[in-house]
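Okay, structure first, notes after.
Every read-out reported here was derived from the displayed coordinates using simple, explicitly stated rules and does not represent laboratory data. Since this is a predicted model, take the numbers as computed values, not measurements. No Cβ is skipped: glycine too gets one built from the backbone with ideal geometry, and neighbour counts run over all protein chains shown.
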Amino acid sequence: MNLQMTFARYTERTAFERPLTSGVAYAVRVLHSEREQFEKHQGWTIKRMDTLEKNPVHKDDYNPDLFEPSPIQEEYAPVIFAQDIISHVISIDLLSGKEDRENVLRARRSGKGVLTAPFPLLKTNRLGVILTFAVYKRDLPSNATPNERIQATNGYLGGVFDVESLVEKLLQQLASKQKILVNVLDTTNQSYPISMYGSNASDDGLELVSHLNFGDPFRKHEMRCRFKQKPPWPWLAITTSIGILVIALLVGHIFHATVNRIAKVEDDCHKMMELKKQAEAADVAKSQFLATVSHEIRTPMNGVLGMLHMLMDTDLDVTQLDYVRTAQASGKALVALINEVLDQAKIESGKLELEEVQFDLRAVLDDVLSLFSGKAQDKGVELAVFISDRVPEMLIGDPGRFRQIITNLMGNSIKFTEKGHIHVTVHLVEEVIDSIEVETEFSSNNTLSGFPVADRRQSWKGFRTFSQEGSIHPFSDSINIIVSVEDTGEGIPIEAQSRVFTPFMQVGPSISRTHGGTGIGLSISKCLVNLMKGEIGFVSIPKIGSTFTFTAVFTSGSSSSKEYKSQQINNQTNSVSSEFRGKRALVVDPRSVRAKVSRYHIQRLGIHVEVVSDWKQGLSSISRGSSAFNMVLIEQEVWDQDLNGSAHFIDNLEKIAITTPKVFLLSNSISSSRANTTTSGVCNLTVIPKPLRASMLAASLQRAMGDGNKGNPRNGEVPSLSLRNLLLGRKILIVDDNNVNLKVAAGALRKYGADVVSASRGMEAIELLTPPHRFDACFMDIQMPEMDGFEATRRIRDSEQNINDRIHFGELSVETYNNISNWHVPILAMTADVIQATHEACLRCGMDGYVSKPFEAEQLYREVSRFFH
């Protein structure tokens, strides 16, 4: 469609150079073997012309959609580009019309312009002719044979001439008191001349005959002129004859100029097609370059990070461990930078695509909290997430890209915030719209930490989502969420706010020196939000803080077809929730926003929560309650402000409670909390570190309430233990031409109890995986010398299929092949290439999964768990 618009615009703007043509069109040569794919690409069917030639219709009844499909033939010439005035000919097959077919075939054989005999033009039914040129794929020598020209033909460029309109325009240029009758004839066949213009009435008066040259030596044309009334005086006749002769010469000159101009348009069209091919080739080269560069950088980084990870499992002193962790953090930062640059390149080339998978939004936010919890605790900054109960548990979308947006925004907040808080909230858009109607004023101090913040409502000012026409999404199963990331950091200077989303732009030179970064995180986030059919905005006040808000459209994940996957994902959380369901908790916190966050996370475990603002209300709730509280969770701020009151509360708690509840302290800093509890004389207080999240909260509660053996292991141990259960005793083949990568991968898998065999070449892998064998899985590198991973996998699959077929038909004994009748060893791609096209190529060649380097325990668990149970 874009090329058609370009062609139409170009021909319209250059129409003054072809004053006699009614329009210009381009038809492409399509072989029968290419027809199906061509029609699918164009979105329409090739139409036949000959039916309309036999049965002309009035222009008001003309409808190209009613044309019959072109009949089966060796090749076709459908019109794909046309000037707007004749755009009705698009999809018409020129080779299905008698006149056009002869014209097209003669033009491509001769390499010259060829003119048709006069025939009624489509739609208008006015008499006209078409001048046709063949467009070749390459430059041909002047002595090229007809067969060479036919083989090199790419398409056909035609100029349409409406003869009646043409002659009328020319006659208007002749001023005379005597009316002149003009007849234009096609005299190619002298015995049966064809009238192209004028009446057939004969007259014995004076007649002037002029020969016309339309640029095609094969056809002959004449123009006959005479006066309608009596012959004029001789001098007037002479003058008129000279005028008519001048017109005839003018017609020939204009036609000659038109032929030359059409030939230039043909060259321009050919150049345009060549430039298009070059652009497509450059795009492919760019993608290949990105894949190669990413592989060459990430491969050694995989070795560095892998070896550091293995080094951390050895016996190191505190200083050595600190050095290793610092090196590992630097390596991961470099990998993150590579990913950002690759994402920016994919966005610019339009190659970034989103997945459509089911995911748990709350689990994604918990993961991001875990990522930043250490930095937040080190700075003493409170970090919290709140998700509305109206947001569904499961959504369908791209969790990886959603996590990337949240990580970018929270990463910036952590980077620029030294005190106060970072608060992430997730709601449905409808909730926020309803709250806007209720809220009358904004209090900057009613916040998570008590520090003032920028008015978050200004961050979504101007969102189309909040307008009347954009507030309701047309699809009933769509979930439109709004996410805000609020911080009490440095804020963004007023003069820098206009370039926040510009790639590679920092707020100021001092920022990049102080905090580092590439300046493309927010740019990438904006592009990802746009792909999610959302919007992003922000409000920032220097020295107060910033709030970034974005919307995203997902699909409800409650589909029964994906219920099994949902159960797998939430299996662990559900088992934990069932242990606490029905229990009661009391939260002591005077700050409503913070208490709301605590209630949200505790209720996720199935616990009923009641909130009070001070000690007195707490004791009152416990004493009058019909059922006992199982636990009391106290905010550190309340405890620190009145240590004597804290001790008094604990003493009275034991006296008035039916059953003494467990007491917990919610704290940002574990060390200071322990010091304060020791000073107050309370020794049985359990500290729960913030930020709160389901797994950490459940583990703390289980340990303190006597279920420590069931508690969640510390961060990172869950996949490790699960991997050991999955991989223990499994025989796994690793194929990689890089010795360092072999050591890293083998060491990682042996750590979990796997029996690892290494191979460095694709041929070696084929030999080892030819049935029968004892391997349970294979990790295959993609880019290897001699034979890459794609080809090796294809040959392994062919070998397996051949043996499976022979076993099925009884040619081979199933006992000889370990009693396995359907051989298919899971093969996982193992590469540093992160381009989406590579992932698709892995699946096409028969691989079962994809692990990018450097891989970690979570990645291995995610892939391996699909095959081992």
Revision key, fill the gap. Residue separation between Leu728 and Asp434 times 0.36 nm, minus their alpha-carbon distance, gives in nm 100.4 nm
Review point. Based on the mean of other beta carbon atoms within 10 Å per residue, what is the order of 792-802, 420-430, most packed first?
Key: 420-430, 792-802
Review point. Could the peptides 142-152, 771-781 be put in order, highest first, of the mean number of other beta-carbon atoms found within 10 Å of their residues?
Key: 771-781, 142-152
Point to revise | Extension gain, Leu371 back to Glu34 (0.36 nm per residue minus Cα-Cα distance, nm) | key: 116.0 nm
Review point. How large is ³J(HN,Hα) for each residue in the stretch 522-534, as worked out from phi by the Karplus curve 6.51 cos²θ - 1.76 cosθ + 1.60 (θ = phi - 60°), to whole Hz, x for Gly and Pro?
Key: 5, 4, 5, 4, 5, 5, 5, 4, 4, 5, 8, 6, x
**Study point:** Efficiency of FRET from Cβ geometry, Glu418 and Asp651, R₀ 35 Å, rounded to 0.05
**Key:** 0.35
Check your understanding: So, by mean Cβ neighbours within 10 angstrom, what's the order for 303-313, 531-541 with the highest one leading?
Key -> 531-541, 303-313
Practice item. With label points built 7 Å along Cα→Cβ from the Cα atoms of Asn644 and Thr6, find their separation and express it in nm. Key: 8.3
**Study point:** Inter-label distance, nm, simple model (7 Å from Cα along the C-beta direction), Arg224/Phe867
**Key:** 8.8
Study note, to complete from the structure: The set of residues whose placed amide H lies less than 5 Å from the amide H of Ser667, leaving out same-chain residues fewer than 5 positions away, is Ile688, Lys690
Review point. Name the residues of the stretch 780-808 whose amide N is less than 16 Å from a point 7 angstrom out from the Cα of Met763 along the C-beta direction?
Key: 784-789, 791-793, 795-796
**Study point:** Distant-in-sequence amide H partners of Asp755 (H built 1.01 Å from N, under 5 Å)
**Key:** Gly729, Arg730, Lys731, Ile732
Check your understanding: Are any of the pairs Lys583/Lys690; Lys543/Lys690; Lys40/Lys533; Lys137/Lys277; Lys375/Lys690 more than 18 Å apart by Cα-Cα distance, and if so, which?
Key -> Lys583/Lys690; Lys543/Lys690; Lys40/Lys533
**Study point:** Unsatisfied cross-links (Cα-Cα over 32 Å) in the set Lys419/Lys751; Lys662/Lys751; Lys419/Lys526; Lys415/Lys596; Lys332/Lys751
**Key:** Lys419/Lys751; Lys662/Lys751
Practice item. Just grab the label-to-label distance for Ser498 and Glu296, each label 7 Å out from Cα along the Cβ direction, in nm (one decimal). Key: 4.0
Revision key, fill the gap. A student applying the Cα gyration tensor rule (rounded when a/c is under 1.5; otherwise prolate if a/b is larger than b/c, oblate if not) would label the stretch 294-341 oblate
Review point. Residue by residue through the stretch 628-645, which ³J(HN,Hα) values in whole Hz follow from phi under the Karplus form 6.51 cos²θ - 1.76 cosθ + 1.60 (θ = phi - 60°), with glycine and proline marked x?
Key: 6, 7, 8, 7, 10, 10, 10, 6, 4, 4, 5, 5, 5, 5, 8, 5, 5, x
